[in-house]
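Asks: This is the structure I have questions about; it appears just below.
The values are calculated or read from the model by the stated rules, or taken from the named source; none is laboratory data. If you're wondering where the values come from, they're calculated on a predicted model, not measured in any experiment. Glycine gets a Cβ as well: all are built from the backbone with ideal geometry, and neighbour counts include every protein chain shown. For the accessible areas, the whole protein counts, side chains as well, though only heavy atoms, and no ligand, DNA or RNA atoms are used. Shrake-Rupley method; radii C 1.70, N 1.55, O 1.52, S 1.80 Å.
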Amino acid sequence: WPDLEYITEVIPISEERVACEGESKVIIVDTTREGNVSTIAFHGNFVGCNSKCHVISAAHGELQMKCGDELLWKISLPCECFGFLRCKTISPTEQYYVFTEQEPFVKTIYVLDVVSGKTLRTLQIPNQDSLFLLDVCCQFVSDEECITCFTDPWKDRFLQLFNVKSGDLLSVIARESPVYSLTACPRERLVAIGFMDS
């Protein structure tokens, strides 16, 4: 595939396509054929892309979704994160978008409706005034459930399973070792966790 210089992040957006973040642009690549599908310019910080090649970006306290040059929606960020978001992921049905404010201090998980940009729900991290986080991970394990991983160097480390539609905390798993990597296969409802010490 040509023209893929300076790629900083690659995310899957469908069975065949990946979004490659470059300098102020996202290149959509179809892995089953030669050549790029499209190149989409964005302003600010790239925070997500769906299978329709709609790009979400954040800048100057605002979050927006564009399709090419067309602005689909723009909202004020519900947190003081200045465009830098963490734990950002889109649900398998592309209905929900989840993110947290930039670390090191994280207290809330935000759930947005992808179509309208409306904040549907805010999820408070239980039993934590604010986490000084070393890392944050988030993966959807089904259409409405996501697993989050928080690594605080001075407090308990834990995984949490949320229902983003209802806001219910479904499960908490305490652990001793920091998580190195976290990924999920929503189709099979499986989660893979890599620990630092094993």
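Asks: Would you mind computing, in nm to one decimal, how far apart the modelled labels at Ile7 and Thr31 are, each placed 7 Å from Cα along Cα→Cβ?
Replies: Result for the modelled spin labels: 1.0 nm.
Asks: Full-extension gain between Glu23 and Ser51, please, as 0.36 nm times their residue separation minus the C-alpha to C-alpha distance.
Replies: Length gained, Glu23 through Ser51: 8.0 nm.
Asks: Taking the simple approach of a point 7 Å from Cα along Cα-to-Cβ for both Leu190 and Glu62, what is their distance in nm?
Replies: 4.4 nm
Asks: With all protein chains present, calculate the accessible area of Cys67 using a 1.4 Å probe and round the result to the nearest 10 Å².
Replies: 50 Å²
Asks: Something else now. Show Ile173, Ile125 ordered by accessible area, largest first, where the area counts protein heavy atoms only and the probe is 1.4 Å.
Replies: Accessible-area ranking of Ile173, Ile125, largest first: Ile173, Ile125.
Asks: So, one more: Work out, step by step, the length gained on full extension between Leu169 and Ser116: first 0.36 nm times the residue separation, then minus their alpha carbon distance; give nm to one decimal. Write down the numbers at each step before the final one.
Replies: Working: separation 53, 0.36 × 53 = 19.08 nm, distance 2.48 nm.
Gain in length upon complete extension: 16.6 nm.
Asks: Check cross-link reach from Lys66 to the lysines: straight Cα distance under 24 Å, and skip same-chain residues fewer than eight apart.
Replies: Result set, ordered by chain and number: Lys25, Lys52, Lys74, Lys88, Lys118.
Asks: Something else about it: Go through Thr122, Thr8, Thr148 and list them by solvent-accessible area, largest first, probe radius 1.4 Å.
Replies: Thr8, Thr122, Thr148
Asks: Also, I was wondering about something else. Using a 1.4 Å probe, how large is the accessible area of Arg33, given in Å² and rounded to the nearest 10?
Replies: 120 Å²
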